[in-house]
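First the structure, in the form of structure tokens, and then the observations on it.
The values are calculated or read from the model by the stated rules, or taken from the named source; none is laboratory data. Everything numeric here is computed off the predicted structure, so don't read it as measured data. Note that each Cβ is placed from the backbone with ideal geometry, even for glycine, and that neighbours are counted across all protein chains shown. To get the accessible areas, we keep the full protein, side chains included, count just its heavy atoms, and leave off ligands, DNA and RNA. Shrake-Rupley method; radii C 1.70, N 1.55, O 1.52, S 1.80 Å.
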Amino acid sequence: MAVIENSKVTIVGAGSVGSSAAYASLIRGSARHVALYDIATEKVEAEVLDLAHGTQFTGTSDIVGGSDISVVEGSHVVVITAGAKQNPGQTRIELAGVNAGIMKRMMPQLLEVAPNAIYVIVTNPCDVLTVLAQEETGLPPERIFASGTVLDTSRLRWKLAERAGVSTSSVHAYIVGEHGDTEFPLWSKATIGTVPILEWVTPRGDRMTPDELDQIAVDVRDAAYKVIQGKGATNYAIGLSSARIIEAILRDEHAVMPVSPVLRDFHGVDGVALSVPSVVSAAGARPILETRFDDRELELLHRSAGALREVADSLRD
């Protein structure tokens, strides 16, 4: 597929995450047209107006929006951020019941006006909601997937880059699994440049230890809770990571990103949405079946799948 001309992305949900995703898409030039949709008329119109006032400074992208679902028409990508937000002390999984109901009501309406779009689910718990939305719509798994651990991976690379004394782009490491408490790093494949992570000599003249890496993984996993505790929501980084996914689709990049599609026979995991390295292009997201895990990582992948399957099953009852 070629790069999509006159591209349009719609962000569904004008809360802190959706507005940040729209802002990031505008300033990065992720799409030619950015739309913001929310049923809260006053809120969405105010956000669109505020964003529109800055379009002199955002290059060729423009912004429209409102509370009429017709604003979604013609979208090549639809990013869903609508739903109840995660409160301090609340896990992503605890959000599942409320947001599953919202997703069930919303998806048929969105599909009616944007039947050919790629759908990216950011609303938490994004993995569980992706499974339910894919079942509800019957869309091919590559056309509906969660933003998954793209942000968690960015958090990991930032921490490793600081410790290693290199730029984040020189760190090659992934968080995979659930976007949440059972996520884990693929340490067996992590490198700085071409150097395995445990062999890299830092500016201090030492090397990172397995215990230190374990603590970094915990810090990354719990990063959102820390931000939510301090300011009530995470929004800038998830907005930026959403914009990056949008670009990979609209520019047909075939970029490798740890997004979360519903997996089919992936190392024994089936029917669960989990983040794994996937090729993201204009066709959507295709998991890389050749991804290798060591024995411990494979065990953690199946543990993550089991935890999410349990939640999805409880919501189907």
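Accessible surface calculations at 1.4 Å, restricted to protein heavy atoms, place the chain at 44 Å² per residue. Each residue of the range 4-11 was assigned a 3J(HN,Hα) from its phi angle through the Karplus expression (A = 6.51, B = -1.76, C = 1.60, θ = phi - 60°), giving 7, 7, 6, 5, 9, 10, 10, 9 Hz with x at Gly and Pro. The peptide list 251-264, 140-153, put in order of mean Cβ contacts within 10 Å with the highest first, becomes 140-153, 251-264.
Quick one: of 43/85; 104/231; 43/104; 189/226, which pairs are farther than 26 Å apart, Cα to Cα? Walk me through the numbers on the way to the answer.
Values: 43/85 16 Å; 104/231 30 Å; 43/104 23 Å; 189/226 28 Å.
Cα-Cα > 26 Å for 104/231; 189/226; rest within.
Put simply, the convex hull of the Cα atoms in the chain casts, on average, a shadow of 16.1 nm². Once both labels are positioned 7 Å from their Cα atoms along Cα-to-Cβ, the gap between residue 204 and residue 53 label points is 4.7 nm. Most tightly packed first, judged by the mean number of other beta-carbon atoms within 10 Å of their residues, the peptides 121-129, 8-16, 283-291 read 121-129, 8-16, 283-291. Taken along its principal axes, the alpha carbon cloud of the range 1-157 reaches lengths of 41, 37, 36 Å, longest axis first. For the chain, averaging the sequence separation of C-alpha pairs within contact (under 8 Å, six or more residues apart) and dividing by the residue count gives a relative contact order of 20 percent. Based on the reciprocal of the average 1/r between different C-alpha atoms, the Kirkwood radius for the range 56-141 equals 14.2 Å. Computed extension gain for residue 46 through residue 172, at 0.36 nm per residue and net of the alpha carbon distance, reaches 41.4 nm. Look at the Cα gyration tensor of the range 206-317: its axes a ≥ b ≥ c give a/c under 1.5, and that counts as rounded. Against the chain, whose longest principal axis is taken from its Cα atoms, helix 96-113 shows a tilt of about 50°.
The apolar share of the surface of the chain, taken as the fraction of accessible area on carbon and sulfur atoms (1.4 Å probe, ligands and nucleic acids excluded), comes to 53 percent.
Length available on full extension from residue 109 to residue 283: 0.36 nm per residue minus the Cα-Cα distance, which gives 60.4 nm. A straight chain from residue 299 to residue 90 at 0.36 nm per residue would run longer than the Cα-Cα distance by 72.6 nm. Taking amide H as placed 1.01 Å from N in the peptide plane, the amide H of residue 36 sits under 5 Å from that of 11, 64, 65, 66, each at least 5 places away or on another chain.
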